[in-house]
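In what follows, a structure is listed as structure tokens, so that the remarks can point back to it.
The values are calculated or read from the model by the stated rules, or taken from the named source; none is laboratory data. Everything numeric here is computed off the predicted structure, so don't read it as measured data. A quick note on method: Cβ atoms are made from the backbone with ideal geometry, for glycine too, and the neighbour counts reach across all protein chains shown. Keep in mind that these areas ignore ligands, DNA and RNA; they rest on the heavy atoms of the full protein, side chains included. Shrake-Rupley method; radii C 1.70, N 1.55, O 1.52, S 1.80 Å.
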Amino acid sequence: MSFTPDDALDLLFPAELIPQHVKDELPPDLHIRPLASTDYERGHLSVLSVLTQAPDVGAQAWAAQFNSMRGGGAGGVPATYYILVVVSRETDRIVGTGGVFIERKFLRGLGSVGHIEDIAVAREMQGKKLGLRIIQALTHVSEGVGCYKTILNCSEANIAFYEKCGYEKREVEMAKYA
Ligand code: ACO
């Protein structure tokens, strides 16, 4: 498939929110942009499967989930979901992804917190600073929409990666799986 430019896609959020310096620092054969409504076809789930189970839910269900995350960001209604992808210009396939969702609070004078989630880089593309660029872009988005902090949960094995991205270990995660 030939590379699809941003203006030919239906994007989850405005591409301008991704900082230019992150775009410039990517290798020239790669492009970073918001998730698009047709990214099911570009291997979005396959990249996520390096992180955890990401079974093929089918194009229709994938698109319904995309549509449920869209909205806001215009007419004074703030958006909640900012998911981005790194795409190969050669193949138009997704090689990396990550997201931040914005939690709005009553405390801290109606403050917001950015939660970084689901960072994944295709195995053959790991170690090329794509993870770092994804985190830089998501942190910029989070801070750009006014979050007073950006947080994430990770395994012990990934602590060093996030430290290289400027994050530090704070507090403890608790979980209860259904
Ligand atoms: N341990 C120690 N250092 C690491 C690790 C690690 N596990 N991973 C990367 N680094 C270092 C790199 O060596 C590099 O250091 P340098 O600047 O000194 O050269 C720096 O961190 C940046 O690394 P990137 O090349 O940007 O890392 P990559 O593109 O491989 O992405 C990621 C890292 C996202 C963890 C990737 O390996 C991956 O997809 N892993 C499988 C899925 C996963 O674990 N995702 C994170 C889940 S946590 C969450 O989603 C919030």
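Structural remarks
- Distance from the stretch 111-178 to the stretch 4-34 (C-alpha centre basis), Å: 19 Å
- Ranking of 40, 162, 81 by solvent-accessible surface, largest first: 81, 40, 162 (1.4 Å probe, protein heavy atoms only, all chains present).
- Exposure ranking of 101, 106 by accessible area [1.4 Å probe, largest first]: 106, 101
- Within the shell of other residues whose beta carbon sits under 14 angstrom from the beta carbon of residue 93, the net charge comes to -2, with Lys and Arg scored +1 and Asp and Glu -1.
- Taking all protein chains together and rolling a 1.4 Å probe, residue 46 ends up with roughly 70 Å² accessible.
- Largest mean-square fluctuation among 89, 123, 42, in a Gaussian network model of the chain whose springs join Cα atoms under 10 Å apart, belongs to 123.
- 145, 57, 100, ranked by accessible area, largest first (probe 1.4 Å): 57, 145, 100
- In the assembled protein chains, residue 140 presents an accessible area of approximately 80 Å² (probe radius 1.4 Å).
- Apolar share of the accessible surface for the stretch 1-118: 54 percent from carbon plus sulfur atoms, 1.4 Å probe.
- With eigenvalues of the C-alpha gyration tensor scaled by 5 and rooted, the stretch 1-78, Å: 21, 19, 12
- Counting only DSSP H runs of at least 4 residues, each contributing -39500 (n - 2.57), and dividing by the residue count of the chain, the helix-based mean residue ellipticity at 222 nm comes to -7000 deg cm²/dmol.
- Whether the chain is rounded, prolate or oblate, judged on the alpha carbon gyration tensor where a/c under 1.5 counts as rounded: rounded
- Accessible area expressed per residue, the chain, with surrounding protein chains retained (probe 1.4 Å, Å²): 59 Å²
- Estimated at the nearest 10 Å², the accessible area of residue 69 is 40 Å² with a 1.4 Å probe.
- Other-chain or far-sequence residues with amide H under 5 Å of residue 30's (modelled H): 89
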